[in-house]
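Colleague: First the structure, which I've put down as structure tokens, then a few questions once you've had a look.
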Amino acid sequence: KKAFTLIELLIVIGIIVILMAATLAAINPFRQFAQANNASRWAGVNAILNAVSQRLVDNKGYFGDVDPNFPVTNCPGDGDDIPTSSVIIGSGSNQYNICSILVPTYLAALPKDPQGGNYNGCSDYNTQFTIRCDPTTKRVVICAPNAQLGETICVSR
């Protein structure tokens with residue numbers, strides 16, 4: 001009779017397991033998911049910055065409806081619409097609510113962080129992205145503080 005011995009079968013199974021482990025290590029799905037999340041973050045912060053920039057252009061340097069006498073480019077002047085320290089963009093307390101200014105004119109919906117951000121309309125959202133006006137460069141800066149793989153995701157204009 002010709003048949004495989006138990007030793008031969010164990011050796012073949014061992015080789016298959018080693019090859020599968022090497023393939024899984026090469027693919028590294030956790031890194032792939034983290035890279036996909038970061039790509040989504042880059043797209044989100046760029047979309048928000050583009051909308052803010054377009055709002056500034058349309059309103060001759062003024063951003064919000066709070067006090068149109070202070071252009072955002074004067075930061076850190078009194079009455080600026082965009083804060084000089086990083087604030088989460090959201091509808092909660094101690095968050096910066098820009099939804100009604102940008103949606104639906106400049107964005108269909110506010111982008112959110114793929115891990116932990118939410119958007120249920122302008123009355124209930126937390127993008128997990130931050131916004132600030134840099135007092136040194138006088139530029140608006142949008143960041144994704146929850147970036148993975150040690151990446152820094154900030155855009156300014």
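The values are calculated or read from the model by the stated rules, or taken from the named source; none is laboratory data. Computed from a predicted model, the values in this text were never measured in an experiment. Heads up, the Cβs are rebuilt from the backbone with ideal geometry, glycines too, and the neighbour counts pull from every protein chain shown. For accessibility, only protein heavy atoms count, side chains too; no ligands or nucleic acids. Shrake-Rupley method; radii C 1.70, N 1.55, O 1.52, S 1.80 Å.
Colleague: From the residues in segment 16-39 that are among the β-branched types (V, I, T) and open to solvent by 90 Å² or more (accessible area, probe 1.4 Å), which one is nearest to C133 (Cα to Cα)? Spell out how you get there, then give the answer.
Modeller: In the first step, residues of segment 16-39 are kept if they are among the β-branched types (V, I, T); the result is 16-18, 23, 27.
From what is left, the residues that are open to solvent by 90 Å² or more (accessible area, probe 1.4 Å) are 18, 27.
Numbers: I18: 53, I27: 40 Å.
Looking at the filtered set, the residue picked out is I27.
Colleague: Then there is this: What number of residues in segment 40-75 are modelled with pLDDT under 60, surrounded by 15 or more Cβ atoms within 10 Å (Cβ to Cβ) and more than 25 Å from the chain's Cα centre (by Cα)?
Modeller: Matching residues across segment 40-75 total 2.
Residue by residue, here is whether (1) at pLDDT 90 or above; (2) surrounded by 14 or more Cβ atoms within 10 Å (Cβ to Cβ); (3) among the hydroxyl-bearing types (S, T, Y) holds:
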| site | (1), (2), (3) |
| --- | --- |
| T84 | no, yes, yes |
| A109 | yes, yes, no |
| Y119 | yes, yes, yes |
| C143 | yes, yes, no |
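Colleague: Could you list all residues from segment 10-62 that are among the charged types (D, E, K, R) and in contact with a strand residue (DSSP E or B) (Cβ under 6 Å, 6 or more places away or on another chain)?
Modeller: Our first condition is that a residue be among the charged types (D, E, K, R); within segment 10-62, this holds for 31, 41, 55, 58, 60.
Of everything in segment 10-62, just one residue is among the charged types (D, E, K, R) and in contact with a strand residue (DSSP E or B) (Cβ under 6 Å, 6 or more places away or on another chain), namely R41.
Colleague: Take segment 121-136 and flag every residue that is open to solvent by 40 Å² or more (accessible area, probe 1.4 Å) and assigned to a strand (DSSP E or B). Spell out the reasoning first.
Modeller: Our first condition is that a residue be open to solvent by 40 Å² or more (accessible area, probe 1.4 Å); within segment 121-136, this holds for 122-124, 128, 132, 135-136.
If the condition is that a residue be open to solvent by 40 Å² or more (accessible area, probe 1.4 Å) and assigned to a strand (DSSP E or B), then Q128, R132 are the ones that fit.
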